[in-house]
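Student: Let me give you the structure first, and then I'll get to my questions.
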Amino acid sequence: MPAGSLPADHPIHRLGDSLYLRAARCQPTGRVPVWFQRQAGRSLPEYRALRGDGSILDAIADPATAAEITMQPVRRYGVDAAVLFSDIVVPAAAVDFGIDVVPGVGPVAAEPLRSRADLDRLPMLDADAHTPYVLETVRLLAAELDVPLIGFAGAPFTVASYLVEGRPARQHQITKALMHTDPALWHDLMERLAAIAVASMRSQVLAGASAVQLFDSWAGTLSPADYAAYVAPHSKRVFDELADLGVPRAHFGVGTGELLDQMAQVGADVVGVDWRIPLSAARRRVGPGVALQGNLDPVLCLAGWPAVRAAADRILAEGTRQPGYIFNLGHGVLPETDPSVLERLTDHVHEYQPANASQHE
């Protein structure tokens with residue numbers, strides 16, 4: 001997967017031998033790479049001091065603030081990759097669809113998308129014009145980081161669920177109803193969101209990100225048949241249209257054990273695994289040539305170091321049976337997490353010696 005289409009001064013060329021990028025390409029690594037899902041810094045006191053109480057979108061719109069928040073967990077924990085401080089609804093907010101991230105609630109749309117007329121309120125993203133602050137954040141980080149920066153976007157289904165429901169929803173009733181009662185509108189919406197995701201992630205890579213991750217956080221609410229019919233073609237388009245960049249493309253969702261095979265088949269180089277399925281089973285489902293990432297239950301980080309260490313050792317033993325494994329949590333860091341636990345966990349992963357020498361160079 002050569003990064004041939006990226007300029008010679010792109011960070012990926014000097015970071016190509018980094019632990020994260022090697023593992024993402026299923027190449028042997030001397031140590032197991034580790035990073036923590038966004039927002040990795042939200043349990044840090046320095047994060048809370050800088051972030052304040054306002055909308056996350058305000059912090060994201062300030063490149064200096066967003067870059068500093070991205071750097072905080074890298075400095076504190078010594079992880080092997082940084083994930084951009086942003087949010088999956090940033091593009092929709094930037095094109096003035098009318099969505100905000102309400103503290104304690106999540107993404108809320110004042111006027112949800114319920115009809116074809118509403119689709120006109122979601123124009124195509126011009127990253128330079130609509131999200132220049134994101135690109136400036138990426139440039140700041142590319143100049144400072146000595147580990148790869150992971151850019152990201154929300155997957156079409158998950159972003160659609162927020163736009164259609166109007167707020168976080170447990171069952172996604174309105175979303176699934178639209179999917180089945182007006183499939184033409186549904187697919188048009190998904191095509192628009194796929195194009196937006198491509199434009200967003202492509203701009204991040206060109207600005208200096210060395211990998212991307214597509215977050216389909218709520219895809220696990222779907223049956224395999226509905227995922228195949230209504231979601232997979234659009235996610236595949238996203239991965240296909242990023243392939244020429246030559247950067248690792250990761251795919252992640254929660255509760256997606258029964259979808260992992262399809263999530264790999266749409267074109268992911270790395271598939272994130274939550275805590276509900278063993279890595280050995282995940283490996284069988286995604287097949288060869290695809291790296292795995294995960295899968296410690298974030299709640300265990302609240303249970304004290306002995307519980308974290310025992311679970312981490314089990315996960316590491318499974319994950320390192322062959323090259324192509326990146327340690328991570330099965331979802332995002334909980335705000336209540338003691339930062340010292342993540343510090344010890346990072347050190348523990350780096351010190352781990354796989355029984356199978358295939359993980360080593």
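Here, each number is a calculation from the coordinates, and none is a lab measurement. None of these values were measured; they are calculated from a predicted model. Quick reminder, even Gly has a Cβ in these numbers, built from the backbone with ideal geometry, and neighbours come from all protein chains shown.
Student: Could you give the length gained on full extension between residue 276 and residue 355, defined as 0.36 nm per residue of separation minus the Cα-Cα distance, in nm?
Tutor: Additional length available on full extension: 26.0 nm.
Student: Convex hull over the alpha-carbon atoms of region 208-297: what's its volume per residue in Å³?
Tutor: Per residue, the Cα convex hull of region 208-297 comes to 91 Å³.
Student: Quick one: which residues, 5 or more positions from residue 328 or on another chain, have an amide H under 5 Å from its amide H? H modelled 1.01 Å from N in the peptide plane, none for Pro or chain starts.
Tutor: Result for residue 328 returns 294, 295, 296.
Student: Specify the residue with the greatest mean-square fluctuation among 182, 274, 146, computed from a Gaussian network of the chain linking alpha-carbon atoms under 10 Å apart.
Tutor: 182
Student: What does the highest-first list of 160-171, 203-214, 302-313, 338-349 look like by mean Cβ count within 10 Å?
Tutor: Ranking, from highest mean packing down: 203-214, 160-171, 338-349, 302-313.
Student: In Å and from the alpha-carbon atoms only, list the Rg and Dmax of region 266-361.
Tutor: Answer for region 266-361, Rg first and Dmax second: 13.2, 38 Å.
Student: Same structure, new question: Starting from the Cα gyration tensor of the chain, multiply each eigenvalue by 5, take the square root, and state the resulting semi-axes largest first in whole Å.
Tutor: Taking √(5λ) for each eigenvalue gives 30, 23, 21 Å, largest first.
Student: What does the charge count near residue 121 come to, summing +1 for each Lys or Arg and -1 for each Asp or Glu among other residues with Cβ under 12 Å from its Cβ?
Tutor: Taking every Cβ under 12 Å from that of residue 121, the sum is -1.
Student: For the chain, what proportion of DSSP beta bridges, expressed in % and rounded to the nearest 5, is antiparallel?
Tutor: Taking every DSSP beta bridge within the chain, about 15 percent pair in antiparallel fashion.
Student: Which of 212, 195, 281 sits closest to the plus end of the dipole of the chain, meaning its Cα is farthest towards the positive end, when Lys and Arg get +1 and Asp and Glu get -1 on the C-beta?
Tutor: Final value for the positive-end residue is 281.
Student: Taking region 164-244 on its own, what percent of its Cα-Cα pair distances exceed 18 Å?
Tutor: I get 47 percent for the Cα pairs in region 164-244 exceeding 18 Å.
Student: Suppose R0 equals 22 Å; then what is the FRET efficiency for residue 13 and residue 240 from their Cβ-Cβ distance, rounded to the nearest 0.05?
Tutor: 0.40
Student: Given H placed 1.01 Å from N in the peptide plane, which residues other than close sequence neighbours of residue 251 have an amide H under 5 Å from its amide H?
Tutor: Those qualifying (amide H under 5 Å, at least 5 residues apart or on another chain) are 214, 270, 271, 272.
Student: Taking Cα pairs under 8 Å and at least six residues apart, what relative contact order does the chain come out at, in percent?
Tutor: For the chain, the relative contact order is 23 percent.
Student: For the chain, what does -39500 (n - 2.57) per DSSP helix run (n ≥ 4), summed and divided by total residues, give at 222 nm, in deg cm²/dmol to the nearest 500?
Tutor: Taking each H run of at least 4 residues, the total per residue is -13000 deg cm²/dmol.
Student: Which residue, 89, 238, 299, has the most motion in a Gaussian network model of the chain that connects Cα atoms within less than 10 Å?
Tutor: Checking each option, the largest mean-square fluctuation is seen for 299.
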